[in-house]
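Everything on this sheet refers to the single structure shown next.
We did not get these values from a lab; they are worked out from the coordinates using the rules stated. Keep in mind that this is a model prediction, so the values were computed, not measured. All Cβ positions, glycine included, derive from the backbone under ideal geometry; neighbour counts span all protein chains shown.
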């Protein structure tokens, strides 16, 4: 097995975030459940956008955020995802490449426009995402470059990929290639609603095709259909080689074989916008993993990155994570 | 004269800001003078964008920011400016209307795309703007709706309008209509480089066609070609009914006839991004003016709004100015 060229390769829905501040009352009026990711069609996206306040646009996409985060720690990342050749597609491509990430997926020349997620941030900093998948539905197995996948130490897949049908096939193909190349496969469950939609498929993956699993409390409890976090943690340890479970202000729990590590959260002055918290946890954890750090240190790198991202608007780092890691004695 | 329907109507170059963090070294390497607004063509815009880091997109435009600021204080605003019917044009239109502003200028259906300003923010919070005017060159006299102009207590014009040739004609037409309707005409000198480009024209306006002038220290000294601020302040008092001169961390000086008011700046914890500081000063000052507040209070409302805008990224308010004014005892 040759030396990997990339630490982490991510595959996901390539999305530009459109972020607006809003009120709880607005969510109630539009019948939107607070806190998760909801899929909407183009007409719904336009109607909702028309009713929201001033916005800012920042490149997003869960796995894309994670890979940019890995790069911010000093790691080498690659990304696979589908945008259209339009203004937002150019913005997305520019930003991920400016983050030092290898991104070579062909742009769609026709069909739906680049995906956007209308992210409504309430005064408590919680974000509610309303995503129009647009061009993401055209990501398919032909976009999977076997050499690129085989070049990465870890292939990181977002559960959201199971929403567009062809992307699910691309997901399976990438996981197969990575495993055959002797690399690691990692999955994030993405969102409790996403687990509801695809529980059987995710269960099958966790039991046999995934080496490193990421989930938050709600997601792992939904996967195992239990109402106790500790029970879910016991169950996942039996199914999966390594799982990193995040619990917001309670930090994270890392389970692997008979090893369990509890890592407290890094306190922040004010939670401005929780968008990207899970993505950046995965970035820190995976960066540590590719540097062969112990599991507790991986967890500490994860919560550190999450603490940076929730202290400002948007899901991309403002302070280089490598600097943060040095300041916290987690890197030299 | 009928009761005005709008407190302030702004006319300006309608621009989407593309904001990136950068270093002083980057500016030197690209031979960009720090701190002002530089006009670039489409090819330069593309070359510069390709070399900058990750960006966020926020609606901007100097006079547009000011009118949104007036709205944030609780005033009624209208705006005239030209975007194209493209993605960024839709974003601009959405954001300004979401700010409660009347915006009815017809979108360009062909020709150059919506204007963008690549704003490079250095670690000291200073912003350097590189603007591609795009569709702004198509704003012309036919976009000036006489009834709308006559409906506004103050028509506020940005000096930047003198860069695109047709927009200058629109500017003159709007000023003529406002004066004939017995309304007030206000001008901001916009930028020292802009004053260099159009000094004779601006001088003529200041001496005879403008009631309320906004300028910062560098701009007013450039207008009168003097190297002493106090001398410039004496000169402008002879030429103009009312002038509000801003001096960054030294606050502002308001001169009118034999009245001079000095207003200190509102301290901020950390200057994150100075984009929009002058625009928001004008918003606070003009809002106070339309409420018949005394000149010192107008100045205090100006520096308060500027202090909010420099404490975060982007030139649109994050905290409603009406709330800030109440917290500072400047509104009930």
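Some points to look at:
- The mean of 1/r over all pairs of different alpha-carbon atoms in the range A:77-156, once inverted, gives a Kirkwood hydrodynamic radius of 14.1 Å.
- Where both bridge residues fall in the range A:139-249, DSSP classifies roughly 0% of the beta bridges as antiparallel.
- In this calculation the C-beta distance from residue B:318 to residue A:231 is compared with R0 = 35 Å, giving a FRET efficiency of 0.25.
- Each principal axis of the range B:274-332 carries a Cα extent, and these read 31, 20, 14 Å when sorted largest first.
- For residue B:182, inter-copy label distances in nm, listed shortest first [label point 7 Å out on the Cα-Cβ vector]: 8.9
- Point-to-point label distance, residue B:28-residue B:260, nm (Cα→Cβ direction, 7 Å offset): 3.9 nm
- Residue of A:49, A:79, A:156 that the Gaussian network model of chain A assigns the largest fluctuation, springs spanning Cα pairs under 10 Å: A:49
- Pair-distance distribution of the range A:247-313: all C-alpha pairs, bin width 10 Å, starting at 0; shares per bin in whole percent are 24, 53, 20, 3.
- Ordering A:157, B:27, A:286, B:205 by the number of other Cβ atoms within 10 Å of each residue's own Cβ, fewest first, gives B:27, B:205, A:157, A:286.
- Debye log10 I(q)/I(0) for the range A:192-248, one point scatterer per Cα, at q = 0.18, 0.21 Å⁻¹: -0.51, -0.71
- Neighbouring partner chain Cβ atoms per residue of A:90-96, average, 10 Å criterion: 4
- Shape descriptor for the range A:143-199: Rg over Rh equals 1.00 (Cα atoms; Rh from the Kirkwood inverse mean 1/r).
- Shortest-first distances to equivalent copies, position residue A:38, nm, label 7 Å out along Cβ: 4.6
- Alpha-carbon spread of chain B, three principal axes, descending order, Å: 51, 42, 40
- Percent of Cα-Cα distances greater than 10 Å, calculated over the range A:98-137: 76 percent
- Unit Cα scatterers, Debye sum, the protein assembly as shown: log10 I(q)/I(0) for q = 0.07, 0.10 Å⁻¹: -0.48, -0.90
- Look at the stretch A:199-210: the mean tally of other chain Cβ atoms within 10 Å of its residues' Cβ atoms is 0.
- Going from the residue with the fewest nearby Cβ atoms within 10 Å to the one with the most, B:122, B:23, A:87 rank B:23, B:122, A:87.
- Nearest-first distances (nm) between copies at residue B:225, label 7 Å from Cα via Cβ: 8.4
- Note on chain A: GNM, Cα springs under 10 Å; of A:135, A:14, A:322, the largest mean-square fluctuation is that of A:322.
- Taking all C-alpha pairs of the range A:206-332, those more than 19 Å from each other amount to 45 percent.
- Antiparallel bridges, percent of DSSP beta bridges restricted to the range A:1-88 (to nearest 5): 55 percent
- Order of A:227, A:145 under a 10 Å beta carbon neighbour criterion, fewest first: A:227, A:145
- Computed over the range A:135-221: relative contact order in percent, which uses C-alpha pairs under 8 Å that are six or more apart: 30 percent
- Between residue B:271 and residue A:268, the simple label model (points 7 Å from Cα in the Cβ direction) yields a spacing of 2.7 nm.
- P(r) tail for the range B:17-111: Cα pairs beyond 22 Å make up 41% of the total.
- Residue-averaged 222 nm ellipticity for chain B, from DSSP H runs of 4+ at -39500 (n - 2.57), nearest 500: -12000 deg cm²/dmol
- Over the range B:107-240, the fraction of Cα-Cα pairs per 10 Å bin, rounded to whole percents and listed from the shortest bin up, is 12, 36, 34, 16, 2.
- Over chain A, relative contact order from alpha-carbon pairs under 8 Å, at least 6 apart, %: 18 percent
- Its relative contact order, with pairs defined as Cα atoms under 8 Å and 6+ residues apart, puts the range B:1-68 at 62 percent.
- Rough spin-label spacing in nm, given labels placed 7 Å along Cα→Cβ, for residue A:326 and residue B:328: 3.8 nm
- Here the range A:212-270 and the range B:248-280 have alpha carbon centers that stand 51 Å from each other.
- Take the Cβ atoms of residue A:250 and residue B:200, set R0 to 60 Å, and the FRET efficiency comes out at 0.35.
- Alpha-carbon centroids, the range B:128-188 and the range A:38-105: separation in whole Å: 36 Å
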